[in-house]
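A short worksheet on the structure shown next.
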Amino acid sequence: MSFLAKYIGQKVKRTEDPRLVKGIGHYVDDIKLADTLHVVILRSQYAHAKIVSINTDAAKTSPGVVAVYTGADVAGKVGFVPCAAALPGLNVPKYPVLADGKVAFVGQPIAAVVATDKYKARDAADLIEVDYDPLDVVTDAEASAQSDSPVIHEEFGTNVAFTHQAGTGDIDSAFAQADKIVKEKLNHQRLAPISMEPRGVLAHYLPGEEQMTLWSSTQIPHLMRTQVAIMLGMAENRLRVITPEVGGGFGCKLNVYSEEALLGWIAMQVHKPVKWIESRRENFQATIHGRAQVGTCEIAVKNDGTLLGLRYNVTADLGAYLQLLTPAIPTLTGLMLSGCYKIPAIQMNCVGVFTNKMSTDAYRGAGRPEATYLVERMMDCVALELKMDPVELRRKNMPKPSEFPFPTATGLFYDSGDYEKALDKALAMADYQKLRAEQAEARKQGRLIGIGVSTYVEICAMGPSIALPAGGWESATVRVEPTGKVTVLTGVSPHGQGEETAFAQIIGDMLGIDMNDVLVIHGDTSIVQYGIGTFGSRGLAVGGAALVKAAEKVVAKAKTLAAHLLQTDEASLTFENGKFVGAPNDKSVSIQEVALAAYIPHNVPEDFEPGLTATHFFEPKNFTFPSGTHICVSEVDRETGDVKILRYIAVDDCGNQINPMIVQGQIHGGIAQGMAQALFEEVVYDENGQLLTGELMDYAVPKAHQLPFFELDHTVTPTDVNPLGAKGVGEAGTIGSTPATANSVIDALAPFGVTHVDLPLRPEKLWKLMNN
Amino acid sequence: MKISLSINGTSYDTDVEPRLLLVHLLRDVAGLTGTHIGCETSICGACTVMINGKTAKSCCVLAVQADGAEVTTIEGMAQDGQLHPVQEAFWEKHGLQCGYCTPGMIMAVCGLLKDNPNPTDDQIRHGIEGNLCRCTGYQNIVEAVKYSAEKLNAQK
Ligand code: FES
Ligand code: FES
């Protein structure tokens, strides 16, 4: 494939945008069906309690109320909320869609009120009386693993859901040979993904046809169809999941929640459309959280900076129940513990524990930001210990481009990389030596300037099927219509990533047509062939690869017909700019003309199958491993502890870029989220399991003036894992920015002897450190 | 309660519950779903509209308070099939990804540029602090605001 084409590689404006800037796109709550009933869910106010009784009498007779359902109504009728991740010996608690006699976190659904409008449904929900018998609560993950902790799921007799060991190499001898062992305890705080559009479900059941349509704000329409059909005991092909516009996901919509099956079941009871739209408070309480690991890392190192081994003993806070991928997230951390370095021996010992909190699961980066933060924070600690420049320590341990595919002690093969190239570019942009000199000068004047570097690698384009519970391939159909317009059906489910544009660019170039003649359809299981969805930076790198393969099949078929139409030999035909040109006399026929001839097959080769359409299911042979260097320069205010980001430089390598404008946008947004983890955000529960950060008032999603201008550049190291050479970019910014920002602020505090501070680095915490 | 108001130049006479939020009137009664809801607690700004020429968060205004008012929503911005310069700028500068914050953001930017036609970067960032975007990191929104300012100033 050529990458200096008309569309591919260009900053093409997005085709999605006109409808979105006009406010006429349709998110779930914008879809209005006649006679829709509204559902409001009553949720647990206790973190851990037996439900003694529920009285719904007053609610049932409240104006406008059609029905009220509790756990007793759905028990045995709606299946449990699914967990798809399988680990040996995993304890999977039963997770009913409405609580069955017991609640284990604040926000757990207890009852559903169905009414003619949402105000009336809320009024009635207030009339439900729940008699709770509170149980002892455990919110601290490390305490939860202890034998004297209250047990959340009695059937297991422990709060330990699983133990998991990862890594290879002789870890004991690595530590025995070390000149120095550097050890630090690190906390990855709990975060809330906060897509600006909360979740929402609209369900409509047609009893005559025995078919249901479920509109859901999700990243995985097909996987949801399968799971919800199983939960409802319904044939999968009678359930249609439609994903309209989705207002952000960041992993929190890569899930199957109680509400999807519950709404489906209610629609089957009331025979009218039913809608539930999550409030922001519910979103904080009952949409998955991310991160939440606490552990100790030890690094074995030689005096010259050569890394010998890394050990990470970690407790992962899973929350009260397992959502779709909850236990899989810490395993991804284990895979990425080598960072972009040669570390011959690595070992992770992970304990996954239940706590009386909402489940954790995939949040932008999903396990990899934890690994990168850990490795990059430790690199700074090691550099400090060895009195080495943190950049030189990193450089010393990086594999050279010739060492790829690079095998890690975590069992991976990094596909391709040139880590020093990005590092050098970032250092040049920052003018690193000069910065260090300026920092020294500023320190003399009592100013607290910090410089933080993070060189990262991430695992993307999820991924080979063997590594994913539901398979990791992706599908695409390219359908050239009789008029020559092209319809693309993709199994990915974009929700802000702009794949309608990127995919039209690819088809525009591959078929030599105007990209505006391409319509990309996604997120409707009755229209699109089965797909996996959008997550793990896979949309382009796996979904786009499937598209390329499908388009190649279409071109191949068209070529056969073109040769027939031109009465020439297929081998002599070239295809350029949408035209098949034949030797020797340069007669040509356009792809549009070929399409028409394929649908009106009056003049076709013998045995020619009419039509011009092809589907491809692309199975990647490996993950991809994007990488890069981020540098953050910050200043801490000595008086207030306030952090000001002075400069932020990011050089990322996501392989080939289809639309650099979209790539940059993804990196901007990613950096913002990662920096917010470093500086502002934290989900806080008190010791009773009450959620203290339950609204946007209390949870610090960054505002525009709290973020800096990001200076971006890139390097291009293509991958051979897919035909686009693209590695994926959705999570890169998030992964690189948390450690770069943290390292910078902690470096600023070096005059106070500070070597590590847990995130978030809020002014109060920093002020205390400086004034202790 | 009976109220009458104008939304994007169309008059509505309607009977509403006193507790009905303006954003629900816009979305559910007038069917204008471009005004989004992201929090209902006046933090996120997804519901931003213009009331009598001033920006307001419609999740924190009762419909009855808008009695007699002229309300402009995102659907009222494009004229004769032409995008408003601020809409154009968001498209041009990639100022949106998922698009959920976008209508409210565009309304807020219109208000900002009305008060300050030539804002600095810092004034822009502070000027949109009532609107959260989780996708863009704001950088391209800032670019879009600058581009909008240029376009609007050129029209004068
Ligand atoms: S919905 Fe009005 S400010 Fe968030
Ligand atoms: S574009 Fe998604 S929240 Fe702003």
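Quick notes on this one:
- Span-like helix criteria (full DSSP H runs; alpha carbon extent of at least 24 Å along the helix axis; mean Kyte-Doolittle hydropathy of at least -1.0) are satisfied in chain A by A:368-386, A:545-566, A:660-679, A:732-748.
- Peptides A:472-485, A:75-88 ranked from most to least packed give A:472-485, A:75-88, packing being the mean of other C-beta atoms within 10 angstrom over each peptide's residues.
- FRET efficiency, A:ARG443 to A:ASP642 (Cβ-Cβ, R0 22 Å, nearest 0.05): 0.75
- Pairwise FRET efficiency - A:THR483 versus B:ALA154, Cβ, R0 = 41 Å, nearest 0.05: 0.55
- 10 Å Cβ neighbours from other chains, averaged over peptide A:494-500: 3
- Stokes-Einstein diffusion coefficient of the protein assembly as shown, Kirkwood radius over Cα pairs, 4 °C, 1.567 mPa s, in µm²/s: 45 µm²/s
- Heavy atoms of chains A and B lose about 4400 Å² of accessible surface on contact, summed over both sides with a 1.4 Å probe.
- Residues of region A:485-511 with amide N under 16 Å of the 7 Å Cα→Cβ point at A:GLN529: A:487-493
- The aspartates and glutamates within cross-link reach of B:LYS146, meaning a Cα-to-Cα straight distance under 15 Å and a gap of 8 or more places when in the same chain, are B:GLU88, B:GLU92, B:ASP115, B:ASP121, B:ASP122.
- Over the protein assembly as shown, DSSP H runs of length four or greater, each weighted -39,500 (n - 2.57), average out per residue to a 222 nm ellipticity of -8500 deg cm²/dmol.
- Average accessible area per residue (Å²) across region B:2-75 - probe 1.4 Å, nucleic acids and ligands excluded: 39 Å²
- Subset of A:LYS185/A:LYS768; A:LYS102/A:LYS185; A:LYS11/A:LYS553; A:LYS421/B:LYS93; A:LYS275/A:LYS553; A:LYS253/A:LYS549 violating a 31 Å alpha-carbon distance limit: A:LYS102/A:LYS185; A:LYS275/A:LYS553
- Per-residue SASA entry for A:TRP767, accessible area with 1.4 Å probe, Å² rounded to 10: 110 Å²
- Heavy-atom accessible area ranking, 1.4 Å probe, most first, across A:VAL589, B:VAL29, A:VAL137: B:VAL29, A:VAL137, A:VAL589
- Once the partner protein chains are put back, region A:181-229 shows a loss of at least 40 square angstrom of accessible area, versus the chain by itself, at A:MET196 (probe 1.4 Å, ligands and nucleic acids excluded).
- Here the Kirkwood formula puts the hydrodynamic radius of region B:85-155 at 11.6 Å, using every distinct Cα pair.
- The length gained by stretching the chain between A:VAL757 and A:ARG436 to full extension, at 0.36 nm per residue less their Cα-Cα distance, is 113.4 nm.
- Cβ charges +1 (Lys, Arg) and -1 (Asp, Glu), total dipole of region B:113-154, debye: 140 debye
- Among the protein heavy atoms, those of A:LYS579 account for about 90 Å² of accessible surface (1.4 Å probe, every chain in place).
- Compared with the direct C-alpha span, the chain from A:LYS180 to A:ILE466 gains 99.1 nm at full extension, assuming 0.36 nm per residue.
- q = 0.12, 0.13 Å⁻¹: log10 I(q)/I(0) that the Debye formula gives for region A:304-457, counting C-alpha atoms only: -0.62, -0.71
- Note on A:658-669: average number of Cβ atoms from other chains within 10 Å of each residue's Cβ is 4.
- Taken along the Cα-to-beta-carbon direction at a fixed 7 Å, the label points for A:GLU606 and A:ALA750 span 8.0 nm.
- In chain B, the inverse of the mean reciprocal separation of distinct Cα atoms equals 15.7 Å; this is its Kirkwood hydrodynamic radius.
- Listed residues A:MET510, A:GLN10, A:ILE299: farthest to the positive end of the dipole of chain A (Cβ charges): A:GLN10
- Cα-based Kirkwood hydrodynamic radius, region B:2-75, one decimal, Å: 11.8 Å
- Eigen-decomposition of the gyration tensor built on the alpha-carbon atoms of region A:110-189 gives equivalent ellipsoid semi-axes of 48, 18, 13 angstrom, largest listed first.
- B:HIS126-A:SER173 pseudo-label distance in nm [points 7 Å out on the Cα-to-Cβ vector]: 6.3 nm
- Accessible surface ranking for A:LEU384, A:LEU374, 1.4 angstrom probe, highest first: A:LEU384, A:LEU374.
- The stretch between A:LYS11 and A:GLN165 holds 51.0 nm of extra length on full extension. This uses 0.36 nm per residue minus the Cα-Cα distance.
- Peptide A:271-281, shielding by other chains (average Cβ, 10 Å cutoff): 1
The values are calculated or read from the model by the stated rules, or taken from the named source; none is laboratory data. As the structure is a prediction and not an experimental result, all values here were calculated from the model. When we count neighbours, we look across all protein chains shown, and the Cβ atoms used for this are built from the backbone with ideal geometry, even at glycine. Remember, those area values only see protein heavy atoms, side chains included, never the ligands or the DNA or RNA. Shrake-Rupley method; radii C 1.70, N 1.55, O 1.52, S 1.80 Å.
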